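The values are calculated or read from the model by the stated rules, or taken from the named source; none is laboratory data. From a predicted model like this one, the values you see are computed outputs, not experimental measurements. Cβ placement follows ideal geometry from the backbone for every residue including glycine, while neighbour counts extend to all protein chains displayed. The area values use the complete protein model at the heavy-atom level, side chains included, leaving out ligands, DNA and RNA. Shrake-Rupley method; radii C 1.70, N 1.55, O 1.52, S 1.80 Å.
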Amino acid sequence: MSKILIVEDETKIARFVELELKHEGYEVQTAFDGRSGLSMCESWQPDLLILDLMLPELSGIEVCRRLRQQSDIPIIMLTAKDDVSDKVMGLDMGADDYMTKPFAIEELLARIRVALKKHRGDISQTSGVLSAGLLKLEPASYSTSFSGESIALTKKEFDLLHYLWQHEHTAISRDELLENVWGYDFAGDTNIVDVYIRYLRQKIDDRYAIKTIHTIRAVGYMFRYEH
Ligand code: CA
């Protein structure tokens, strides 16, 4: 579960965003000024930061500048409508993205997913290893383990888990899975996806009493680690 820190002094906006993010399954903390935002970043180590530009104590720009000296955490800046120069400065200071207030919550959620995914992609390019809780997947050696105990997966099971996990927190359709895990040979026969999902659940979720593969009604499946 990804941890998101909101730094926003407008309590109504902060509370609203916090509730929506919690509803999406994120772990959320809120800070109401720049200085405490910065110190919570250091103590709580969030996976993503939603940072308002105009803040008491320390401005969003300054928080961003200081954070970038020590961390590559994804930062989404919130700006008031006409702060064009501030937006530019925010991006210059290393923010990954910005949203203009007022914004649609769905758009913020989408941008959060993109930023988290991109960040994970950057990490996995260097190591490739995925881990959540005690579950671990190592592409280089095609191995999967739980708490150090090796899980015997077939190549297709492994590829399916790997694909879902790489797109963590994103609902993936059966068609997309077929296309990317099985290739064109199996086009059209989405039943096979359900069969392999069942194998994975037996070998991982059932065996270790965790929940990793969620059924998304009318869409397909999503990887999200829960225990
Ligand atoms: Ca503000």
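At R0 = 22 Å, how high is the FRET efficiency between Phe146 and Glu226 if r is their beta carbon distance? Nearest 0.05 is fine.
Given R0 = 22 Å and the Cβ-Cβ separation, E is 0.95.
Quick one: P(r) of segment 3-120 from all Cα-Cα pairs, 5 Å bins, percents rounded to integers, in order of increasing distance.
2, 13, 26, 28, 21, 9, 1
Restricting to Cα atoms and excluding each atom paired with itself, what does the Kirkwood estimate give for segment 12-77 in Å?
Evaluated on segment 12-77, it is 12.1 Å.
Residues of the chain: accessible area per residue at 1.4 Å, in Å²?
Per residue, the chain has an accessible area of 52 Å².
Based solely on its DSSP helices, what 222 nm [θ] is calculated for the chain when runs of n ≥ 4 H residues each add -39,500 (n - 2.57) and the sum is averaged over all residues, nearest 500 deg cm²/dmol?
My calculation for the chain gives -12000 deg cm²/dmol from helical runs alone.
Taking the Cβ-Cβ separation of Asp33 and His214 as r and a Förster radius of 30 Å, what is the calculated FRET efficiency to the nearest 0.05?
With R0 = 30 Å, the Cβ-Cβ based efficiency is 0.25.
Based on the alpha-carbon set only, what is the convex hull volume of the chain divided per residue, in Å³?
Cα-based convex hull of the chain, divided per residue, equals 141 Å³.
In the chain, what percentage of the DSSP-assigned beta bridges are antiparallel, given to the nearest 5?
50 percent
What's the carbon and sulfur percent of the chain's accessible surface, probe 1.4 angstrom, rounded to a whole number?
50 percent
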